[in-house]
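Q: Please find one structure pasted underneath; my questions will follow.
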Amino acid sequence: MIKKFENVDVIDTLRKIMLHNTRYYQTDFEYDIRTLADAAESNSWTRPFLWMSRESGTWYFPERDVYIKSTHPYNSWQSYRNDQGVKAYWVIFDKQSEDHKVTGTICELDYPKHADQVQKSAVQPNRVELVFKRPAAVRVYDFEDYDKNWYAIHRENGDIYNRSFLVENEAALQNQIADIRNACFQEAEPVGVDEYVSEMVRQHFCSRGYTVGDMTYVIPDDVFEAVRRGIPAYALYPDNRKELIPSVKEADRLNMHETLFGIRLEDKKLLDYLVKRPSMKGKLFSGEELLLLDSILLHTGKTDALNERGRETLDRMIQKLDLVVSPTGNEANEMERSLNHEAESDELER
């Protein structure tokens, strides 16, 4: 059963999916956000988009463009049929708030099925409308002419501000697209984003043979960040065996062999707090830890021995604080260089 997320923060939701599904080139998502921002500032912001997360990057296209043959969106959407790691979605915006937060509905796609539907429904463009920057001009070309002479057209007219591929029967195309989209939305089951991501991670782990359920997914960049900061990160293996990663060098070696990485959920929250990821900033202390901290402060100066669970929780809090206040390797090196520089300056002054 495919899923959908209703009335959600679009960027935040897509980011959560991307962070747990895209292993490399996560910076692609920043380009997606710019596309979203540009659309939100134009009259096209309420139109549906199609978004894809794969192992190496993301794609974000206006829905209509994916159904126009011979275009980059069409060719890109058709390119990953054999990629088992693709997650694809429809994105429909509902509204934009004053702080530029965009809410909407995101519907999961059966990507192979949808790629087939696109291939059968897509139409060939017959014209191309180009909007040039300097001098400002709008020109329409026959598609075959543009396809053969695009380099000369660009060289003669300068930079292009916008390009639109036009079809013979736009109304028929829009009706066909709407039928496919509406069928998908009606079939989809509403679900919470966090629940969906947790199940996605579980399935990913199970497909690689790790079924214990004590770890959450972590990408290589976050493994490197965790090891640098002293947060435990693990290499996971099909026999439910896990090994602590001792160094960034070892993490890099394991990554070269496409090893499955994992981190405990509590440590992942701490890592999110430390790296201050946009829209994903974690909390340093859990509710249980805050209650314990409140109790300790209330009983300061009194004899009130903690039970075993309380001592374990307190030890964990101390470890967190130590990681937060202690500089990372790079920060420590920078601090050492700064101190040495100050010492040299003092020596010169003397």
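The values are calculated or read from the model by the stated rules, or taken from the named source; none is laboratory data. Everything numeric here is computed off the predicted structure, so don't read it as measured data. Here the Cβ positions follow ideal geometry from the backbone for every residue, glycine too, while neighbour counts run over all protein chains shown. All accessible areas refer to the heavy atoms of the entire protein, side chains included, with ligands and DNA or RNA removed. Shrake-Rupley method; radii C 1.70, N 1.55, O 1.52, S 1.80 Å.
Q: Divide, for the stretch 125-166, the radius of gyration over alpha carbons by 2.2 N^0.38 Å, where N is the residue count.
A: 1.04
Q: Still on this model: Would you please name the trypsin sites (Lys or Arg not before Pro) within the stretch 92-156 that are DSSP coil residues with at most 14 other C-beta atoms within 10 Å of their C-beta?
A: Qualifying residues, ordered by number: 101, 133.
Q: Please identify the GluC sites (Glu not before Pro) of the stretch 57-153 that satisfy two criteria: DSSP loop assignment and at most 13 other Cβ atoms within 10 Å. Which are they?
A: Here the sparse-neighbourhood loop sites are 98.
Q: Which order do 150, 59, 77 take when ranked by solvent-accessible area (1.4 Å probe, heavy atoms of all protein chains), largest first? Please report the intermediate quantities before stating the final value.
A: Numbers: 150 125, 59 70, 77 0 Å².
Largest accessible area first, the residues go 150, 59, 77.
Q: Read phi for every residue in the stretch 155-170 and hand back ³J(HN,Hα) as whole Hz from Karplus 6.51 cos²θ - 1.76 cosθ + 1.60, θ = phi - 60°, with x for Gly and Pro.
A: Here the 3J(HN,Hα) series is 5, 6, 10, x, 5, 9, 7, 8, 9, 10, 8, 9, 10, 5, 10, 5 Hz.
Q: Further question: Quick one: grab Rg to one decimal and Dmax as a whole number for the stretch 88-183, Cα atoms only, in Å.
A: Spelled out, the Cα radius of gyration and Dmax of the stretch 88-183 are 17.7, 45 Å.
Q: In the stretch 209-276, what percent of the accessible surface is made up of carbon and sulfur (1.4 Å probe, ligands and nucleic acids excluded)?
A: So the carbon and sulfur contribution to the accessible surface is 50 percent.
Q: Once the Cα atoms of the stretch 177-264 are picked out, what are the Rg and Dmax in Å?
A: 16.9, 53
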